[in-house]
Amino acid sequence: VRGQASKFGAMQVSRSFVNIASSIVMVVYLSCGAEGRVYGIAISSLAACLVSWVMLRQEGLLRFSWRPSYALEAVSFGAPLIPHTVGILLLSVVDRLVISSELGLGDVGIYTVSFQLASVMGLVFSAVNNAYVPWLFERLQRSDSGEKNNIVKMTYAYFMFALFSAGGVFLVGAPLIRSFAGERYAVSSDVV
């Protein structure tokens with residue numbers, strides 16, 4: 001939002017690296033099993049939280065003061081979002097539960113491999129969106145019709161990029177799955 005995409009990207013990549021590294025250490029070297037993965041996520045989240053807190057304090061953007069009116073505003077804004085967040089959580093889990101109960105655990109694995117490959121596209125589009133939104137609103141505030149026409153053209157170009165990217169993933173999905181997940185999960189390309 002503040003136009004510091006490189007800092008944001010560095011934080012995201014660093015958090016992912018800590019997440020992967022700590023998860024591997026916990027699961028593989030310390031034999032913590034599935035709990036090790038949870039610990040890895042917790043460690044990376046805590047590390048990102050601490051680094052963010054220090055950075056925000058250094059830039060003077062984080063000051064603590066108790067104001068009941070702010071607390072009331074935060075609760076009135078955030079409370080209606082709780083069902084939405086719970087719904088997203090349920091949607092991200094219920095698909096695997098249904099597949100497991102209806103088709104079996106093996107099909108959950110196939111679905112998960114497909115979902116992970118498709119998530120790569122979501123990651124790319126999320127990154128583009130995170131960079132695009134601040135740029136867009138900065139230009140929309142200027143009320144320059146020439147710039148607005150340029151925004152429309154760029155939006156159409158982005159739509160074409162999205163369409164061709166999705167087509168590209170469709171074409172290379174099967175070979176990617178075979179090379180990363182093995183022949184056993186090749187059927188996942190049909191799901192993708």
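See the values below:
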read-out: Residues being surrounded by fewer than 16 Cβ atoms within 10 Å (Cβ to Cβ) and either under 30 Å from residue 131 (Cα atoms) or under 18 Å from the mean Cα position of the chain (by Cα) (or both) - total across the stretch 9-40; value: 11
read-out: Single residue of 117, 50, 105 found to be closer than 26 Å to residue 22 by Cα and either exposed (fewer than 11 other Cβ atoms within 10 Å of the Cβ) or in contact with a Leu (Cβ under 6 Å, 6 or more places away or on another chain) (or both); value: 50
read-out: Residue 10 over 25 Å from residue 136 (Cα atoms) and not aromatic (Phe, Trp, Tyr); value: no
read-out: Positions within the stretch 122-173 being of a type in the set (Phe, Trp, Tyr), open to solvent by 70 Å² or more (accessible area, probe 1.4 Å) and within 30 Å of residue 185 (Cβ to Cβ), in sequence order; value: 161, 164, 170
read-out: Qualifying residue in the stretch 100-108 (condition: part of a helix (DSSP H, G or I) and under 23 Å from the mean Cα position of the chain (by Cα)); value: yes
read-out: First in the stretch 12-32 and farther than 15 Å from residue 52 by Cα and without any contact (Cβ under 8 Å) to a residue 24 or more places away in the chain, second anywhere and open to solvent by 90 Å² or more (accessible area, probe 1.4 Å) and of a type in the set (Asp, Glu), Cβ under 9 Å, 6 or more apart; value: 26/35; 27/35
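The values are calculated or read from the model by the stated rules, or taken from the named source; none is laboratory data. Remember, predicted model here, so these are calculated numbers, not experimental data. Counting neighbours? That spans all protein chains shown, and the Cβs are built from the backbone with ideal geometry, glycine included. Ligands, DNA and RNA are excluded from the accessible area calculation, which covers all protein heavy atoms including side chains. Shrake-Rupley method; radii C 1.70, N 1.55, O 1.52, S 1.80 Å.
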